[in-house]
Each structure stands twice: as structure tokens, then as C-alpha cells.
Amino acid sequence: MDRTRREEVTGQQRRKGNQPRRSKKRWVTFTVACFLYIFVSSSLLIFHGPFSAVRNYVIDTFDETRHGYLLRPLSLFTVSNAAIEAHALAKNGMVSETTPISEIATRNYTNGDGAIHLYTYHGETFTAYIMVVDNPKRIRVAVTKYIGQNGETVQQMVNDVGAVAGINGGAFSDTNQQGTGANPLGITMHDGKVITGAGSTAKYPEIAFTSGGQMIAGDYSLSELQQKNVQEALSFGPVLVLNGQPVPVPDQGYNPRTAIGQTASGKVILIVTDGRGQYGQLGASMADITELMLQYHAVIAADLDGGSSTTMVYNGRLVNTPVDLTGARSVATSIVVMPEVGGSSQ
């Protein structure tokens, strides 16, 4: 009897000892199943649900923070790279009308027109750095020399072409959405030569400069740009100032931003802002940038690539504080300021 009782007690102890293990396994299995259900449901709701604003916000956030490569797995690979790239251009679509070129002065610029002025503006949620270039004919579009493979930082492009200053430029895509800036999107031109978009008849949101140093911005095809004798062009937007008046644009929150504009006298305005936690600052809104452009008398202005891309360099130094953990981000294009011909580079 004693032996039988001991065996019964031992069996009960074993069963009791196995219960916590089974409970733990069940809990882990239940937790994993719940996580997968929530993840799959959320992914389908965000990327394929009825809320297009939520979908666009998620794509914008990941794309602007250099984590676009996560969008494919987060969407369960139901969103293609082509769709992500198309969204990048679509969100920057502009108005078709632009400031008439005749309203921006053209003249024979001399060495006395070569000054570069750098200002700092402290807003409530951002710090802005404003560069004013007196001679618009010093403006060029620089393109990564590793096009199709990798981008370059603004400083590297400035060094490549012997410029004295530069800011990041337009939209780009890259291999596997790794944020390396390999391929400029839209139409890209330098010195009158077509870098990307050759043979295309489509219209893209373009920011460009003619041979006379006049800035134009709007939706243009390659043939339309060539008819206007455009020498430098890249793709981004939207337009912020048109004919000296602010253009209403959708609110995209507070971020580091980059923008370009021009006054009626031809001076070019380059603006970058810090944000996303830099020194406790959130960043600037589109309305903030528009207001700054108007304060500096822009008759036309447009937004450039922002977020982690936002960079300004001048005389070999980084002017702003990029938010990317690795420092200045690699991009596909930059807008650079060339040295004054026959005079000072300042």
C-alpha cells in the first residue's frame, strides 16, 4: 500500500510540475498569434484600407526618415518599390502655373553681383539658415557621380564640382530602398544636358533655372523645359510662393526642411531648417518656410527634399545639423553655388 501511495504521489507531482511548462508554452503561442493577427490586420488596414491619408502619412514618415526600405516588409510585400517611388513624386506635385519669366529680372551680372549672404533665424520650433546668392547664374544642379549605384553627400558633390556652397536637392530612389540616393527621379538637367528623363513625354514637378538665371517651378515635360531654354533642373515640390503670393499646401507637420526661391531682382534664396529633436526643436512646417520666403521677398519658391536629407554646406563646413545618426545623408542631387567667375568666391 505504501508503495502504491508513493507512486500516486509521485505521479501527481509530475503532473503538477508539467502544468507550468504547458501554461507557459500556451501563453507564448497565444501571444505570438495575437501579435501576428494585429500586425497583419494593421498592415492591411494601413496600406489597403479606406484611409488613404493614413497610408500616405506612413509612407511619407518612413521615406523621409531614411527607412523606406522597411515599407515593403511592413506592407507584407504588397506595396511595390514602383508604387513607393510614384508616391514620392505624386506628393510633390505642383500647380501648372508658374511665375512668368518676364517678372524676374535678367541682366549681365558682374563681379560685384557675386556676394553670398548667410543669415540665421530662430523660430519657435526650428532654427533656419538662409543663404542669399546675388547672382543666379552661379546656381547649378550637381548629380552624384555614382548615379545608379550610390548617392553622395552634399559636401562631396560640392567638392566634386568645385563649388563654394550647396544644399540637398530633389527626389530620388535607390536600390532596395536603402536610402543611398542612387537614382534621381523625374527630369534632371545640368548645363543643358538631360541626365534623367530623356525621351520622356510625361510631366513632372520640376524646379529649374533658365540660361538667363530665372527660376521656374511647376509641372513640366522635358520638351517644355527645353523650350524655355532651361539649363539646370531637378524634380521636387510643391510650390510655396507664386507671383509673390503664398500657395496653400497640405500640412505635412514639423520636419527639417529645404527650400529654394528667387526674388524679382534675381537673387536666389536657399533655406534649410533643423528639427526632429535637434536641440529640442520639432522642425518647421510648410507655412513656416513660406513665411520665411516672403520675408526675404521671394516671388517664386518651392520645397525641396527634407527630413534626413536636409543639408547646407558653405566654405567647407556643415552649416546645419542633419538629423541622421550617421551624419549628412547621401542624396542623388544637390543645388550648388559655383565660384564667381573672375572674382571672389564669397
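General remarks:
- In region 225-265, the residues that are within 12 Å of Tyr296 (Cα to Cα) and more than 15 Å from the chain's Cα centre (by Cα): Val241, Gly244, Gly261, Gln262, Thr263, Ala264, Ser265
- Candidate set from region 248-300 (those that are hydroxyl-bearing (Ser, Thr, Tyr) and outside any loop (DSSP other than H, G, I, E, B)); member that is surrounded by the fewest Cβ atoms within 10 Å (Cβ to Cβ): Thr263
- Note on region 65-170: enclosed helices (runs of 4 or more DSSP H) holding 1 or more residues that are under 21 Å from the mean Cα position of the chain (by Cα) and modelled with pLDDT under 90 are 71-74, 81-90.
The values are calculated or read from the model by the stated rules, or taken from the named source; none is laboratory data. The structure displayed is predicted, hence computed values, not measured ones. Heads up, the Cβs are rebuilt from the backbone with ideal geometry, glycines too, and the neighbour counts pull from every protein chain shown.
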